[in-house]
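Below is one structure, written out as structure tokens; comments come after it.
The values are calculated or read from the model by the stated rules, or taken from the named source; none is laboratory data. These numbers were taken from a predicted model, which means no experiment stands behind them. Note: ideal-geometry Cβ built from the backbone for every residue, glycine included; neighbour counts use all protein chains shown. We work out accessible area using only protein heavy atoms, side chains counted, and drop any ligands, DNA or RNA first. Shrake-Rupley method; radii C 1.70, N 1.55, O 1.52, S 1.80 Å.
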Amino acid sequence: MLEFPLAVAVDSSGNVYIADQNIPEIRKVTRDGMINTLVSGYYASSMQVDAADNIYFVFNSVFKASPDGKVTTIVGGGYGFGGDNGPATAAQVNNPSGVALDGAGNIYIADTDNCRVREITLDGKIKTIAGNATCATAGDNGPATSAQLNYPVPSPLTAPGTSISASSTAFAK
């Protein structure tokens, strides 16, 4: 049963994954039209699937679900801000609302209430790549980590290696 589908992702085989805002599950719809629950206990607000068909999703932190439904924590040191340049599993985030992947396997998160975009590199370290914790819109033509982002929210990838980032009042490419 689905009540309020919120996020959708598709794997390399064409299976569709659906996260529901009202039901803490990620559901899988196979190519032959069968639906089942892959992950239970998480209200995912954003999802992306990597080349190995792992699902990365956001629910107060960032998680990875393997194709068989096993969930591991990617970012999970608590609520707040902390951990830049250290292991992502010990980092803090504040209401993350989006996750994106690039072709190399790096993970990007919209750390919404910290007004930052953060990257998790292949070695598992996290760093801020845009935003300075001031929730506003300023800083064009300067270093991205000095810019002000106004509560960044999830956005789709437009092509491999590119993304459009949105805030409540501005867009950036």
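At a glance:
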{"read-out": "Of THR30, THR73, THR89, the one that fluctuates the most in a GNM where the chain has Cα springs shorter than 10 Å", "value": "THR30"}
{"read-out": "Globularity index of segment 42-98, i.e. its alpha-carbon radius of gyration over 2.2 N^0.38 Å", "value": "1.11"}
{"read-out": "Among VAL29, PRO96, ILE126 - extreme Cα towards positive end, dipole of the chain, charges at beta-carbon", "value": "ILE126"}
{"read-out": "For segment 13-131, accessible area per residue (1.4 Å probe, heavy atoms of protein chains only), Å²", "value": "42"}
{"read-out": "Cut-off under 5 Å, modelled amide H: who pairs with THR134 long-range", "value": "LEU149"}
{"read-out": "With DNA, RNA and ligands ignored, accessible area of TYR56 (1.4 Å probe; Å², nearest 10)", "value": "20"}
{"read-out": "ALA136-ASN22 pseudo-label distance in nm [points 7 Å out on the Cα-to-Cβ vector]", "value": "4.1"}
{"read-out": "Top of ALA91, ALA136, ALA19 by mean-square fluctuation, Gaussian network on the chain, Cα under 10 Å", "value": "ALA136"}
{"read-out": "Candidates GLY41, GLY139, GLY98: whichever shows maximal mean-square fluctuation once the chain is modelled as a Gaussian network with Cα springs under 10 Å", "value": "GLY41"}
{"read-out": "Neighbourhood charge, 14 Å Cβ-Cβ cut-off, centred on MET34 and excluding it, Lys, Arg +1 and Asp, Glu -1", "value": "+2"}
{"read-out": "Cα-projected label distance for ASN106 with LYS70, points at 7 Å along beta-carbon direction, nm", "value": "2.8"}
{"read-out": "Chain lengthening between ALA52 and ALA144 when straightened (0.36 nm per residue, less Cα-Cα)", "value": "30.0 nm"}
{"read-out": "Cα-centre dipole for segment 21-97 with unit charges at Cβ (Lys and Arg positive, Asp and Glu negative), debye to 20", "value": "120"}
{"read-out": "Dipole magnitude (debye, nearest 20) for the chain, charges at Cβ of Lys, Arg, Asp, Glu", "value": "140"}
{"read-out": "Per-pair calculated FRET efficiency, R0 = 25 Å: ASN85 and SER12 via Cβ, rounded to 0.05", "value": "0.15"}
{"read-out": "Mean separation of Cα contacts under 8 Å, 6 or more apart, over the residue count of the chain: relative contact order %", "value": "12"}
{"read-out": "Spatially near lysine pairs across the chain, Cα under 23 Å, sequence gap of 8 or more or different chains", "value": "6"}
{"read-out": "Estimated dipole of segment 1-49 in Debye, rounded to 20 [Cβ of Lys and Arg +1, of Asp and Glu -1, Cα centre]", "value": "80"}
{"read-out": "Accessible heavy-atom area order of LYS125, LYS64, highest first, probe of 1.4 Å", "value": "LYS125, LYS64"}
{"read-out": "Listed values (1) 21.4; (2) 9.7; (3) 15.5, entry calculated as mean projected area of the Cα convex hull in nm²", "value": "(2)"}
{"read-out": "Contour excess over end-to-end distance, with Cα ends at ASN60 and LYS127 and 0.36 nm allotted per residue", "value": "22.3 nm"}
